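Engineer: This is the structure I want to talk about, given as structure tokens.
What follows draws every value from the coordinates through simple rules; no lab data is involved. Note that this is a predicted model, so its numbers are computed, not measured. Using ideal geometry, Cβ is built from the backbone for each residue, glycine included, and neighbour counts are taken over all protein chains shown.
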Amino acid sequence: MANAQNSSADVPARTPPQNERVHGEKCTSSRFMCSEQSRLDGTRQNIGTAGEFPRMSRRKGRRVRRQAKRLKIRQDRCDELGGADEVFNYRDLYKAGKKCCNGVRWKQSVQNFELRLFSGTAARRRAVLSGKYKFSPYVHFTLCERGKVRPIDAPRIQDRQVEKVFTQKVLLPLYQPSMIHNNGASLPNKGFHFSQRMLVRDLCRHFRKYGREGGIILADGKKFFPSANHDYIYSRHEKFILNDELRAFGDAVVKTIPGGVGMPLGVEPSQAEMIAYPSEMDNYLSAQCKLTGGHYMDDFYNLLPPDTDYREVLKILREQAKRCKFNFNDSKTRYVPLTKPFRYCKTKYILTESGKVVMRANKKAVPRDRRKIKSLHRKWCAGEIDLETVWASVNGMFAYLDNYNEHNNVLKLRRLFYSLFGFSCESIENFRRSERDGIHHGKKIQA
């Protein structure tokens, strides 16, 4: 018995393996410990040493790593563009100068510019790369487009050449990844009809999920271009344009606008700046609020599910707009149930009980077209215009109405045209046949 006790005393105490649970300790496998250790080592390598972040939480660590990853993506995107000498190369500047002359070669200034384009491009490139390029004053004039007065500040054609290269090769490639997909104004392969299709698609998806329950928030910007904040644009340059030379050129373009506020209409970089101006607000509503929406320049929409309080969404919308230095027009910002028709970009949308989306044209379009057809007939009878000009005007008129559900109104306009001119306006061959036959109708126009 004594020998048994001695033998048991001589046996050393059993040491548990590293992956075996000991009473009173947390059960942790060696596989989990290895993965955790590798994750922590990678975290320290990405965000710094333990001395820099002594008591960092897991959530804060993930946020820091995400920010570092996004910064690296923006840096790689800027590195792909190259420096100022690669962006403003002679070939792209020359091709941009040729594009600037399209459509305006009847001007004397454009003819002089194109005559010296070969040598002038080299001189402007040297000035841009040396930082001594000076922008010419804008040419100010006013346009009245269907009762809407728009002040235009147009740059000189030599400035347009340099600004076009900067917009196409710097601003758009760096701004587009941060824009939402439904932002379709002045972008390649997008436009006004693209924004209309996206709204129809969003309405159909909403109907399949909720029916006609819920609603839509429509918002309109107040003085979108004239109220743009320059400090906010400079901050966007610091965030996206990480090359010092390119950022300095972008700031110089903004500094050409006097007053420190507003962006002029008619300037290509101004157009690119303003289509990306509310991107931070768009991303917040899309990612944080989980709302489906889009916008075309200063016209915004957001679809709301039936269990969402539109007052809270309007409050968030105004807060984000204030953060982005953006002003909404309170009289045009409203909530509309989907059971009622609404207007977006002067187009009337009706979501029917069957889920079909009916699009109606601007209510002033059809009366304006009737007056236009009568005016064309008077000028044709007086010999002021020929039938080729009549065809160009009428064809554009019906091409616009073909995008909407205006079948009855189109038939009425065609009957009016036939009653005045004596032939159908559906084909250009009818115009050419009438021109060859010398048909000249002088019917009186009935009110």
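Engineer: Once the Cα atoms of helix 407-421 and of the chain are each reduced to a long axis, what angle between those two axes, in degrees from 0 to 90 to the nearest 10, is obtained?
Structural biologist: Taking the Cα atoms of the chain, the angle to 407-421 is about 20 degrees.
Engineer: Just want to confirm a number: the relative contact order over the chain, from Cα pairs under 8 angstrom separated by 6+ residues, in percent.
Structural biologist: After rounding, I find 13 percent.
Engineer: Against the longest principal axis of the chain, how steep is helix 244-255, in degrees 0 to 90 to the nearest 10, with axes from Cα atoms?
Structural biologist: In the chain, helix 244-255 runs at an angle near 40 degrees to the longest axis.
Engineer: Rank by packing, highest mean first: peptides 120-126, 186-192, 210-216, with packing defined as the count of other Cβ atoms within 10 Å averaged across residues.
Structural biologist: Per-residue mean Cβ counts within 10 Å order the peptides as 210-216, 120-126, 186-192.
Engineer: A follow-up question, please. Rounding to the nearest 10 and keeping the result within 0 to 90°, find how far the Cα-based axis of helix 230-240 lies from the longest principal axis of the chain.
Structural biologist: Helix 230-240 sits at roughly 50 degrees to that axis.
Engineer: What does the charge dipole of the chain about its Cα centre add up to, to the nearest 20 debye, if the Cβ of each Lys and Arg holds +1 and the Cβ of each Asp and Glu holds -1?
Structural biologist: 1200 debye
Engineer: Who wins for biggest fluctuation among Asp92, Asp307, Asp79 in a Gaussian network model of the chain, springs between alpha carbons below 10 Å?
Structural biologist: Judging by the Gaussian network model, the answer is Asp307.
Engineer: Given axes a ≥ b ≥ c from the Cα gyration tensor, I'd like to know whether the stretch 143-221 is rounded (a/c under 1.5), prolate (a/b larger than b/c) or oblate.
Structural biologist: Oblate shape, in that a/c is at least 1.5 and b/c is the bigger or equal ratio.
Engineer: Filter the cross-link list Lys69/Lys322; Lys98/Lys372; Lys364/Lys412; Lys134/Lys164; Lys222/Lys363; Lys190/Lys223 down to pairs whose alpha-carbon distance in this structure exceeds 26 Å.
Structural biologist: Exceeds cut-off: Lys69/Lys322; Lys98/Lys372.
Engineer: Counting only residues 5 or more places away or on other chains, whose amide H sits under 5 Å from the amide H of Asn327 once H atoms are built in the peptide plane?
Structural biologist: Here the answer is Lys222, since their amide H atoms fall under 5 Å of that of Asn327.
Engineer: If the viscosity is 0.692 mPa s and the temperature 37 °C, what translational diffusion coefficient in µm²/s does Stokes-Einstein give for the chain when Rh comes from Kirkwood over Cα pairs?
Structural biologist: 118 µm²/s
Engineer: To continue, here is another question. Report the antiparallel proportion of the DSSP beta bridges in the chain as a percent, rounded to a multiple of 5.
Structural biologist: 95 percent
Engineer: ³J(HN,Hα) across the stretch 168-173 via Karplus (A = 6.51, B = -1.76, C = 1.60, θ = phi - 60°), whole Hz, x for Gly/Pro?
Structural biologist: Each residue's phi maps through the Karplus curve to give 6, 10, 10, 5, 5, x Hz.
Engineer: Give the relative contact order (percent, whole number) for the stretch 285-343; include only Cα pairs under 8 Å separated by 6+ residues.
Structural biologist: Relative CO of the stretch 285-343 lands at 17 percent.
Engineer: For the stretch 100-168, list log₁₀ I(q)/I(0) at each q in 0.14, 0.15 Å⁻¹, using the Debye formula over Cα point scatterers of equal strength and ignoring solvent, two decimals each.
Structural biologist: -0.53, -0.60
Engineer: Looking at the square roots a ≥ b ≥ c of the eigenvalues of the Cα gyration tensor of the stretch 166-211, which shape do they give, rounded for a/c under 1.5, prolate if a/b is larger than b/c, or oblate?
Structural biologist: Prolate.
Engineer: Considering the Cα trace of the stretch 283-393, what is its radius of gyration and what is Dmax, both in angstroms?
Structural biologist: 20.9, 63
Engineer: When 1/r is averaged over all different Cα pairs and the result inverted, which Kirkwood radius in Å belongs to the stretch 202-326?
Structural biologist: 16.1 Å is the Kirkwood radius here.
Engineer: How big is the Kirkwood radius of the stretch 340-412, worked out from every pair of different alpha carbons and given in Å to one decimal?
Structural biologist: 13.9 Å is the Kirkwood radius here.
Engineer: Once amide H atoms are placed 1.01 Å from N in the peptide plane, what residues at a sequence separation of 5 or more from Ile152, or on another chain, have their amide H within under 5 Å of its amide H?
Structural biologist: Here Phe141, Thr142, Leu143 satisfy the definition.
Engineer: Same structure again: In percent, what relative contact order does the stretch 237-311 have, based on Cα pairs under 8 Å that are 6 or more apart in sequence?
Structural biologist: Over the stretch 237-311, the number comes to 13 percent.
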